[in-house]
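Quick note: the coordinates plus some simple rules give every number you see, no bench work behind them. Computed from a predicted structure; not experimentally measured. Neighbour counts are summed over all protein chains in view; Cβ atoms, including those assigned to glycine, are modelled from backbone coordinates with ideal geometry.
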Amino acid sequence: MASRILFFLVSICLVFVSAASNANVVDRSVAIVNNDTITLSEVNELGRSFFKKVTEETPADRLPEALQQARNTVIDKLIDKKLLVQEAKKLGIQVSDQEVDNALQRVLANNKATMEQFHKELLAMGMTEKQYKEELRDQILSSKLINHEVRTKVVIPEEKILEYYQSNYTRQVGGGELHLQQIGCTWGEPLANGVVPSQDDAKEKIRKAYEKAKDGDDFNELAKKYSDLPSAEDGGDLGTFQLHELAPAMQQAVAQLKSGEISPVVQIDNGYHFFKLVSSQGGATVSKADYEAVKEEIRERLYKQAMEARFKDWVKSIRDKAYIKIL
């Protein structure tokens with residue numbers, strides 16, 4: 001669960017400084033950001049587990065330099081945070097405690113975790129609930145700022161989507177090559193969920209998948225739902241092969257197929273399999289999926305990338321105009 005919690009946040013690189021050592025340090029300013037200051041206690045607060053990690057993993061002779069770099073990283077993150085808060089204040093954007101609490105509940109629900117489990121994970125990361133909620137607050141604030149300043153200015157033109165599709169979903173097939181998809185149901189070995197299916201289970205599962213495939217259901221989706229093979233994640237896509245490169249049972253199953261046709265079910269070792277011949281035209285362009293079927297998925301991916309890039313540019317423009325001084 002810890003990795004999923006970390007993934008949700010914009011960035012959680014926090015540093016460890018013991019409470020005893022903090023008690024002996026007089027708080028002071030370490031940076032000025034326009035009319036705000038960043039204090040040493042803020043650096044130590046945000047830096048908690050990051051410094052601990054650096055201390056544990058760095059050789060003693062390199063530790064002072066590594067800790068200084070870590071400190072600079074934390075200060076840089078705090079500068080961005082101050083700038084975002086300042087911009088939000090100018091725009092009248094705020095994040096309420098209720099919004100933070102709601103976000104935390106969504107994190108717990110998505111990870112199917114109790115509050116007790118959540119606190120154990122925080123303890124393992126050297127982090128308090130207060131710190132985590134502050135990170136959530138920053139995440140929500142950033143999201144609101146993105147909506148206000150960035151999102152409406154990002155447009156993904158059709159030609160960009162098509163370009164991505166051609167680069168990532170199509171390929172050139174040389175003469176004599178077969179582009180195949182496969183669905184396979186196995187028995188006698190544990191699946192990803194830990195279940196060990198019997199041969200009868202595999203036979204019934206492949207029967208359902210085969211009937212749906214013959215009825216014209218989308219092969220990609222059927223593979224993802226029914227196939228027990230690693231290729232399931234890619235919609236059953238095996239890539240391209242010369243006929244002689246295939247195992248004898250596969251050769252027999254696909255040799256007489258025409259493009260778009262589906263083979264009979266064959267048994268290979270401890271599995272039942274059938275194949276779809278996507279294309280066998282020499283020198284033709286073949287695709288993993290229909291353009292219209294993946295168009296919106298590609299648009300979302302490109303939109304997210306463009307948003308992140310534009311947000312970085314926007315933050316940089318704010319930094320360029322700000323008065324920032326490291327003390």
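The modelled label-to-label distance for the pair residue 155/residue 291, using points 7 Å beyond Cα in the direction of Cβ, is 2.1 nm.
Give me the percent relative contact order of the chain, please, defined on Cα pairs under 8 angstrom at least 6 residues apart. Spell out each step's value before the answer.
Details: 413 pairs, mean separation 66.1, N = 327.
Contact order relative to length: 20 percent.
Note on residue 96 and residue 243: the model spin-label points, each 7 Å out from Cα along the C-beta direction, lie 7.0 nm apart. First select every other residue whose beta carbon is under 14 angstrom from the beta carbon of residue 322; then total the charges, Lys and Arg +1, Asp and Glu -1. That sum, taken over residues with Cβ under 14 Å, equals +3.
In the chain, a dipole from Cβ-located charges (positive for Lys and Arg, negative for Asp and Glu) runs towards its positive end, and of 289, 166, 124 it is 124 whose Cα lies farthest in that direction.
With viscosity set to 0.890 mPa s and temperature to 25 °C, compute the Stokes-Einstein D of the chain, Rh being the Kirkwood radius across alpha carbon pairs; µm²/s, no decimals. Mind dumping the intermediate values first?
Numbers: Rh = 24.6 Å.
Calculated translational D: 100 µm²/s.
Over all other residues within a Cβ to Cβ distance under 14 Å of residue 273, the charged ones net out to +2, with Lys and Arg as +1 and Asp and Glu as -1. With each label modelled as a point 7 angstrom along the Cα→C-beta vector, the residue 129-residue 111 pair spans 1.4 nm. For the options 28, 299, 137, a Gaussian network treatment of the chain with springs between C-alpha atoms closer than 10 Å singles out 28 as fluctuating the most.
Helix-only mean residue ellipticity at 222 nm, the chain, DSSP H runs n ≥ 4 weighted -39,500 (n - 2.57), per residue, nearest 500. What is it? Show your work: numbers first, answer last.
Values: 13 runs with 176 residues, N = 327.
Calculated mean residue ellipticity at 222 nm is -17000 deg cm²/dmol.
Relative to one another, the C-alpha centroids of the range 42-90 and the range 146-161 are positioned 32 Å apart.
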